[in-house]
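Below you'll find the structure, written out as structure tokens, and then a few comments.
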Amino acid sequence: MNAHRPRLISFRNPWFSASVGAISLLFLFSAFVGFVWLPSAQDDALFKGLLNAICSAAGRPGAWLGEAAPAVPPKAPVSSVVLTPGMFDGASAGGSIGRGATLALRCTMCHGARGVSAANTPDLAGQYAASIYKELRDFQSAARTSAIMAPMVVGLSDQDLRDLSAYYAALPRDGGSGERKMQPVPTIVATGAPMRNVAPCESCHGDMATKLGAPWLGLQPRDYLKSQLEAFAHGGRHNDISAQMRNIARNMTPDEINASASYYAGNR
Amino acid sequence: MISNKRLVLAHFWLAFAVFGVAILLGEWQMFIRSPLHAWLHNPDLYYRSVTAHGTVMGYVFPTLIAMGFGYAITELALDQPLIGRRWAWAGYTMIIIGSIAAVVPVALGLDSVLYTFYPPMIGNAFYYIGVVLVVVGSWIWVALMGINLQAWKRAHPGAPVPLPMFANVAAAYLWGWTAVGAALELLFQILPVALGFSNTINAGLSRVLFSWTLHAIVYFWLMPAYIAFYTIVPRAIGGRLYSDTMARISFVLFLVFSMPIGIHHLFADPQVGSGFKFIHSVFTAMVAVPTLLTVFTIGASVEIAARLRGGKGVFGWLKALPWDNPQMLALAFSFVMLGFGGAGGLINMSYQLDSTIHNTQWVTGHFHLIFGGAIVIMYFAIAYDLWPHLTGRAMRDLSLIRAQLWLWFIGMIVTTFPWHYVGILGMPRRMAYFDYSAPGAAGEAIWVVMSTLGGALLVVSAVLFLVILYRNHSACQVEPAPFTFSKAIHEPVSLPLALNGLGLWVGLMIALTITNYGYPIVQLMGLPDAKVPAVFVGAK
């Protein structure tokens, strides 16, 4: 072996020193501009001082407007339920269907013996457990108001609500969705109104796609759907998280409210 | 002499077959969201199509091209049989299995997450597993390229590595390292949720990891095109490569600067600090260096060819170029598209200017012009050049080839220029339908129609391309002259260590990954409240 054999990783190798040197300079220069110079041009207390500038430019989380006035409290109670995927998985969290069936005796008067009734109340048979659970919790906290439902849920424990949700979710849905599928799908249901910021109903509530917490609307009573959409539109109902349904219903025309309610109601 | 013709042909044909299917999906998407068609009543069909189109065009098609071309280069440039042929077939098989595993659930509507995965959206696990298999299959190729080069180096100590193989291995190492980001995201973030082990996901960290792959993958797509620029075109048009050294420097600079720049895809993401965004913006700008080096070197090489053919004058030599030669035509079209695409890219890479076009159709126009235009047209050129050597049959459809290249060029310009324009007007991308009756969007309708027509030209061109390749298999048999790569004016006799191996540059690539990605990744990993609930595709 030659004693003067050139080495790649050595500052005697001009390729090594030039490339490493140039790239280091480039990095230091861009780091100086990005972490020191540009933040110092911000007229904001968060960026004042060298350490603050560097930390904020590095992406350290900080409370923005941390010392400003507290958030404006809502005029009416809003839903405090947090739904996460999988929160009804597992033996106790998922609820006991049998216990739920016993508890449900108090519901049968309006919602029917098997979760279906002709009384213009929502059909509960086959409804998603997460949706039932959320509404029951909202009735308890008065985020959703109802003179009938409020006394019904007083005194029910969280486990009771989970059991009830599990029971109704386990019941078979009213078998008539075939008829609805034969109808033409209204535009508002399939495509929404993009320029008015109205998402398609189907993107959360439908056969096409569902989102956690959004109830299944198939074969709900027409009057119920219409009254709820109108209540959202006028703000009378306000337990939708982040005002999602209020913002949608407010931007729907009366015709669209009728069309969507009729579509989901099917023949009812 | 290629002894593994079946292997190379299998890669190319599979690549072009899936390309042929995916381009139909692309044109259908353009048509369905244009004013020529009523609103799609099931937008999920659109997103299924986008997912399949992106997965095939982004992962499967270019990877197969790079692999097939790489296997051909190994034998042609090193003049030795490919080591690890069985492994190569194993990698190919993994890509087939992975592609099927990925595309079936997408077609069933279980994975409408788009090819960028978009966590916290989570689909069926088979899609992600399929993508992982495709990546692992391609890693076999990465390893084989390195092994073959090392074997050659041992047999030829101190001899200069042939430029095509040098570039090919640079591409392989680039891919090997850049795919790590998406692999980490899939294995440690997405798959645990998709398989049901967790219901929450660190979406910000996932997106940072994906950006590690997302930009450098473009340079991996680009590498075969650049190899063709340097090692095929000058020879095909009767010229010489202006500078072998310049070529090597370009390839190693791509290796260094491709990686530490991906956060420019996340300029609008709140989880990354502005300082890192700025650094990535600066390093993205550095990609202009190897790009302009290439434009200059190839421009000079082409001028040499023209002057050898009797071209005179400052610009008069342009007329002396062999414009009827498909390689010349493809190169010219590729450079024009690279020029416009690169100019548009200056907007995307700028931390400040990006905000005007972020997530608009401008971005879609940009990467279709660069990838679908400048790069894919060179894939065509590579296929046209290699095909007679693979099939042993004459490529006689020269006028058809010229028509195909012209159609692709015109089609791509007509498709992407209006796309850029409506992006500036603010048209968002990844939408299944637009309300063209709204006053704000009415003016965009005509441009979207034009873009759709451009897409139709591209479909015609793609069909023509497949027909030309297919017809060659039944053309008359010839004994093609031995395949050669371009010769440089000054053939390298001895090279500095740094340009005869990739060690230094791979080291810099990894070092810059650590400086530019290390802190954001570690910081996001340590944030206790960064996990968000997964949003499952369909119902759960």
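The values are calculated or read from the model by the stated rules, or taken from the named source; none is laboratory data. Model, not experiment: these values are computed from the prediction. Backbone-built Cβ (ideal geometry, glycine too); neighbour counts: all protein chains shown.
Considering region B:393-428, and only residues there that are surrounded by fewer than 18 Cβ atoms within 10 Å (Cβ to Cβ) and within 14 Å of chain A (Cβ to nearest Cβ), the residue that is farthest from B:ILE357 (Cα to Cα) turns out to be B:PRO428. B:SER494 meets the conditions (1) crowded, with 16+ Cβ neighbours inside 10 Å; (2) closer than 30 Å to B:ALA305 by Cα in every case but one. The failed one is (1).
Would you check which residues across region B:438-459 are in contact with a helix residue (DSSP H, G or I) (Cβ under 9 Å, 6 or more places away or on another chain), within 13 Å of chain A (Cβ to nearest Cβ) and at pLDDT 90 or above and list them? Correct list: B:GLU444 only. Among the residues making up region B:92-109, those that are crowded, with 19+ Cβ neighbours inside 10 Å and assigned to a helix (DSSP H, G or I) are B:TYR92, B:MET94, B:ILE95, B:GLY98, B:SER99, B:ALA101, B:ALA102, B:VAL103, B:PRO105, B:VAL106. Looking across region B:110-150, the residues that are in a helix (DSSP H, G or I) and more than 22 Å from the chain's Cα centre (by Cα) come down to B:ALA125, B:PHE126, B:ILE147, B:ASN148, B:LEU149, B:GLN150. Would you call A:SER131 touching a residue at least 40 places away in the same chain (Cβ under 8 Å), within 22 Å of the chain's Cα centre (by Cα) and surrounded by fewer than 16 Cβ atoms within 10 Å (Cβ to Cβ)? In short, no. A count restricted to region B:25-59 and to residues that are hydrophobic (A, V, I, L, M, F, W, C), within 14 Å of chain A (Cβ to nearest Cβ) and in a helix (DSSP H, G or I) stands at 2. The residue that is farthest from B:LEU527 (Cα to Cα), counting only those in region A:52-63 that are of a type in the set (A, V, I, L, M, F, W, C) and within 12 Å of chain B (Cβ to nearest Cβ), is A:ALA53. Considering only residues that are surrounded by 21 or more Cβ atoms within 10 Å (Cβ to Cβ), over 16 Å from the mean Cα position of the chain (by Cα) and more than 30 Å from B:THR484 (Cβ to Cβ), which ones fall in region B:1-26? Of everything in region B:1-26, just one residue is surrounded by 21 or more Cβ atoms within 10 Å (Cβ to Cβ), over 16 Å from the mean Cα position of the chain (by Cα) and more than 30 Å from B:THR484 (Cβ to Cβ), namely B:GLY26. Identify the residue in region A:41-51 that is in a helix (DSSP H, G or I) and within 12 Å of chain B (Cβ to nearest Cβ) and, among all such residues, is nearest to B:HIS280 (Cα to Cα). Filtering first and then ranking leaves A:PHE47.
Does any residue of region B:447-464 turn out to be outside any helix (DSSP H, G or I), surrounded by fewer than 17 Cβ atoms within 10 Å (Cβ to Cβ) and touching a residue at least 60 places away in the same chain (Cβ under 8 Å)? Let's see the steps before the verdict.
From region B:447-464, those outside any helix (DSSP H, G or I) are none; that's our starting set.
Scanning region B:447-464, I find no residue that is outside any helix (DSSP H, G or I), surrounded by fewer than 17 Cβ atoms within 10 Å (Cβ to Cβ) and touching a residue at least 60 places away in the same chain (Cβ under 8 Å), so the answer is no.
Taking the numbered list (1) within 19 Å of the chain's Cα centre (by Cα); (2) under 30 Å from B:ILE514 (Cα atoms); (3) buried (at least 20 other Cβ atoms within 10 Å of the Cβ) in turn, B:TYR230 passes all entries but (2). Note on region B:269-295: residues that are away from chain A (no Cβ under 14 Å) and touching a residue at least 12 places away in the same chain (Cβ under 8 Å) amount to 4.
Just for region B:509-540: of the residues that are closer than 30 Å to A:ASP207 by Cβ and either without any contact (Cβ under 8 Å) to a residue 60 or more places away in the chain or surrounded by fewer than 17 Cβ atoms within 10 Å (Cβ to Cβ) (or both), which one is farthest from the other protein chains (Cβ to nearest Cβ)?
B:VAL532
Inside region B:4-24, residues that are assigned to a helix (DSSP H, G or I), out of contact with any Gly (no Cβ under 7 Å at 6 or more places or on another chain) and over 29 Å from B:VAL449 (Cα atoms) make up a count of 7.
Could you check B:VAL506 against (1) within 13 Å of chain A (Cβ to nearest Cβ); (2) surrounded by 14 or more Cβ atoms within 10 Å (Cβ to Cβ); (3) in a loop (DSSP other than H, G, I, E, B) and say which number it fails? Result: B:VAL506 passes all but (3). Of the residues making up region A:233-251, just one is closer than 16 Å to A:GLU202 by Cα and touching a strand residue (DSSP E or B) at 6+ places or on another chain (Cβ under 6 Å), namely A:ILE248.
For region A:72-105, a tally of residues being more than 14 Å from every other protein chain (Cβ to nearest Cβ) and assigned to a loop (DSSP other than H, G, I, E, B) returns 13.
Would you pick out the residues in region A:11-31 that are among the small types (Gly, Ala, Ser), more than 7 Å from chain B (Cβ to nearest Cβ) and over 19 Å from B:ILE249 (Cα atoms)? So that I can check it myself, show each step before the final result.
Kept after step one, since they are among the small types (Gly, Ala, Ser), are these residues of region A:11-31: A:17-19, A:21-22, A:24, A:30-31.
With the extra rule that they be more than 7 Å from chain B (Cβ to nearest Cβ), the set shrinks to A:17-18, A:21-22, A:24.
Within region A:11-31, none qualify.
Count of region A:54-103 residues, restricted to those that are closer than 30 Å to A:GLY235 by Cα, surrounded by 16 or more Cβ atoms within 10 Å (Cβ to Cβ) and either out of contact with any Gly (no Cβ under 6 Å at 6 or more places or on another chain) or modelled with pLDDT of 90 or more (or both), is 5.
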